[in-house]
Amino acid sequence: MARRRQHDEHVNHERWLVSYADFITLLFAFFVVMYSISSINEGKYKVISEALVGVFTDSDRALKPIPIGDERPKTVTPAKPLVKDSDQVDAGVSGASDPLKSIADDISAAFGDLISSNQMTVRGNELWVEIELNSSLLFGSGDAMPSDIAFNIIDKVAAILKPFDNPIHVEGFTDDQPIRTAQYPTNWELSSARSASIVRMLAMQGVNPGRLASVGYGEFQPVANNATAEGRARNRRVVLVVSRNLDIRRSLTATGAANAQPDAALKRAGTQTAPTKVMSPVRENAVNSPSPALTR
């Protein structure tokens, strides 16, 4: 009986393709990791850095102290007169030591370039001062994460506001273009998040959290026509409002500083200046809660 012929096993000469494919996959993953490491969001990095500095040290949290003395710009736009002599008498304000006028003068001196380019506006009266900034200076489109420019601006503003005790609230506004994202379902959330970001930055730079509050008005208090791109850009803004005292701040947040007028009732509330010293310690993390000294 004839023997069955044995067939030689087929040798797979293409097994190297498996190893080559694995090598290409690992190489692709390596470049993806390298790209993700190189694309750091500097704004988020600085927020984390500032938070860690605040946790591990009790010293001044400002990483870049801003000089406000002789190093101010030589050519700046002067602040508009805040009060008339007759109004000073009615409000009980002495012009030489008026903190609101000092704040307005210092802001105008420190940000003459932004004011001249219409990216910042400083206005006020005997009861409050408004510092208005275009949102494009501070945030990206549809986002509430502060940019690097925002940190530089708010650092300077905080250095000016820190020595005073006047209450501060930050107002956030948007245009009427709808936003529907998981993080910001409507413009209410976006405007509130932006104002809260500025409040947090001020607190991180040493401004007493008991003085601070934030409010978002969404798209419902425009200052320009939303039908044009220029009008929408003007409506996208953040306004820091420094009030003479807590009663004034409460009145302003009810209507928005843009719609308020220093009428007789507000002037009567404004005759009492802000307290010079906080009597009780402020609770930790109470950014939006007034201090006991301001509520009495």
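Read the figures in this text as sums done on the coordinates, not as results from a lab. Quick caveat, the model's predicted, so the values are computed rather than measured. For neighbour counting, all protein chains shown are included, and Cβ atoms are generated from backbone atoms with ideal geometry for every residue, glycine included.
Just for the range 121-231, what percent of DSSP beta bridges are antiparallel, to the closest 5?
Of the beta bridges lying entirely in the range 121-231, close to 50 percent run antiparallel.
Ranked highest first by the average count of other Cβ atoms within 10 Å around their residues, in what order do 112-123, 245-256, 16-27 fall?
Peptide ranking by packing, descending: 245-256, 112-123, 16-27.
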